[in-house]
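Each remark here refers to the structure printed beneath this line.
The values are calculated or read from the model by the stated rules, or taken from the named source; none is laboratory data. In this text the structure is predicted, and so the values were computed from the model without any measurement. Using ideal geometry, Cβ is built from the backbone for each residue, glycine included, and neighbour counts are taken over all protein chains shown. When the accessible area is computed, the model is the full protein with side chains, heavy atoms only, and any ligands, DNA or RNA have been set aside. Shrake-Rupley method; radii C 1.70, N 1.55, O 1.52, S 1.80 Å.
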Amino acid sequence: MNPASTEVPADTDIAIVGAGPVGLALACLLLRKSPWRLTLIDAATPARASRDPRAIALSYGSRQLLEQIGAWPRAVTPIEHIHVSQRARFGHVKLHSHDYDVPALGYVVRYGELCEALERALAQAIQACPAADGERLARVYETRIDHLEQSGPETAGLVRLSGHAHDRQPAALSARLAVQAEGGLFHQQTTRAERGVQARKYRRDYGQTAIVAHVACSRPQPGWAWERFTEEGPLALLPHEEHGTPGYALVWCCQPDQAARRLALPEGEFLAELEQAFGPRMGRFTGIGKRHAFPLGLNAAPVTVHGRVVAVGNAAQTLHPVAGQGLNLGLRDAFALALALRADCGPQALQAFAAQQKLDRAVTIGVTDLLPRVFGVSYPLAAHARGASLAALACLGPLKDTLARQMMYGMRR
Ligand SMILES: Cc1cc2nc3c(=O)[nH]c(=O)nc-3n(C[C@H](O)[C@H](O)[C@H](O)COP(=O)(O)OP(=O)(O)OC[C@H]3O[C@@H](n4cnc5c(N)ncnc54)[C@H](O)[C@@H]3O)c2cc1C
């Protein structure tokens, strides 16, 4: 597809703002399962995704969803076992895929490779549209939407979206529904009342920044992923092959000043600190790729639907990356929304979507908010209590299974 070729249409049924993985998955699903005309708008071109350094852990449940739309990426590294522990404390939990009758608990994939798979699936979905339907999808690149305004009665109203293209030319269109899938980067500005709702977002600054990089070690353990809670924050090592080189995707959450210092360290010193924080389970850390930093925080809207506007994925909830849940929940958002919009393109369908996703959101936001805070308390007694909880969890099969299934499928069972 040529990024510069598509003009902004004057009107559409559903405007999707943001062609990240959640917006792309939603567009694929709506093309396949609904009759609506779609406009998918992104501030960047698809090349942005290929530059994103994140390696994402997709759950087994997300694999099932992505396979439904032919968007399962080619290069994934399976996670067959997960080891959860505290640094320098007793107590750990191990999860194994064979305990849950699944080939893998999850899979690690580059953000860009996932987006490429979704782009291919979208191209196939376009080809599969009957010619009689005309052009069902308009793609608009390098156009930033920064204003949404709703007008008219509930039943026949419209959303006016406006913004500007990269050359500063103004851009605007009308839609029957607008989907915010822009990753939480702008807050919708609609009526005064809706601004009030937006102002009461659940926010938390964890005082943590994630360092992300690809690392190699001397004793890799294929199929094992490690989540280690340190006093600074969780440290995850996910098995991940990069350009044919086996290794691990590191997500090391630490205080922002420590993250800035570590980013600037020479490679050897960085690896020595990593070894100190992670321990000797995989031998020595022997190499590291380019390091990147992501500031972390919780930013979730209590209500994701306002009349004819709905937020999904990170636009609805940006989570702490502990346990790798953000995109998995975002994909479940996209699938639930597409289901609700199969035959109805109005506010009632959006309300049905919000009701359907409410529990899944609440539980996933709750768990990912609780973990970094509980494990961030540094009193010795708290550390012992957490160790005892991990040891108990390892013994309490039903509780461990409930947690594992929540991480794999959310509330979609
Ligand atoms: C360090 C780190 C590790 C993570 N690890 C995991 C993990 O292991 N598992 C997991 O499930 N999740 C993980 N996540 C979370 C995951 O990355 C996000 O949940 C996911 O990227 C959200 O997808 P999205 O499509 O909603 O938004 P995004 O990926 O942010 O995409 C948004 C898109 O919208 C476009 N856009 C932005 N603003 C505008 C605008 N105004 N107008 C038009 N277009 C716009 C952008 O160009 C972009 O293409 C991690 C996050 C971080 C930071």
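Summary of values
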| read-out | value |
| --- | --- |
| Single unsatisfied condition, LEU327 versus (1) within 6 Å of the ligand (Cβ to nearest atom); (2) surrounded by fewer than 20 Cβ atoms within 10 Å (Cβ to Cβ); (3) outside any strand (DSSP E or B) | (2) |
| Some residue of segment 274-295 being assigned by TED's automatic domain parsing to the domain that holds ARG361 and of a type in the set (Ser, Thr, Tyr) | no |
| Within segment 248-271, tally of residues that are surrounded by 23 or more Cβ atoms within 10 Å (Cβ to Cβ) and either over 17 Å from THR230 (Cβ atoms) or not assigned by TED's automatic domain parsing to the domain that holds ARG284 (or both) | 1 |
| Exclusive hit being more than 21 Å from ILE41 (Cβ to Cβ), touching a His at 6+ places or on another chain (Cβ under 9 Å) and open to solvent by 50 Å² or more (accessible area, probe 1.4 Å), set GLU113, GLU80 | GLU80 |
| Residue in segment 302-313 that is open to solvent by 30 Å² or more (accessible area, probe 1.4 Å), at pLDDT 95 or above and either within 16 Å of the ligand (Cβ to nearest atom) or assigned to a loop (DSSP other than H, G, I, E, B) (or both) present | no |
| Residue that is nearest to THR209 (Cα to Cα) [pool: residues in segment 292-301 that are more than 11 Å from the ligand (Cβ to nearest atom) and part of a strand (DSSP E or B)] | LEU298 |
| Number of positions in segment 134-165 that are open to solvent by 40 Å² or more (accessible area, probe 1.4 Å), touching a residue at least 40 places away in the same chain (Cβ under 8 Å) and over 16 Å from ASP11 (Cα atoms) | 5 |
| Given (1) open to solvent by 40 Å² or more (accessible area, probe 1.4 Å); (2) not assigned by TED's automatic domain parsing to the domain that holds LEU327, index of the condition SER97 fails | (1) |
| Strands (runs of 3 or more DSSP E) lying entirely in segment 36-119 (those with 2 or more residues that are basic (Lys, Arg), more than 30 Å from LEU137 (Cβ to Cβ) and within 9 Å of the ligand (Cβ to nearest atom)) | none |
| Cross-chain or 6+ apart pairs with Cβ under 7 Å, segment 216-240 first and farther than 20 Å from LEU370 by Cβ, then of a type in the set (Asp, Glu) and modelled with pLDDT of 95 or more | GLY223/GLU80 |
| Test: VAL179 is β-branched (Val, Ile, Thr), at pLDDT 85 or above, within 16 Å of the ligand (Cβ to nearest atom) and under 30 Å from LEU237 (Cα atoms) | no |
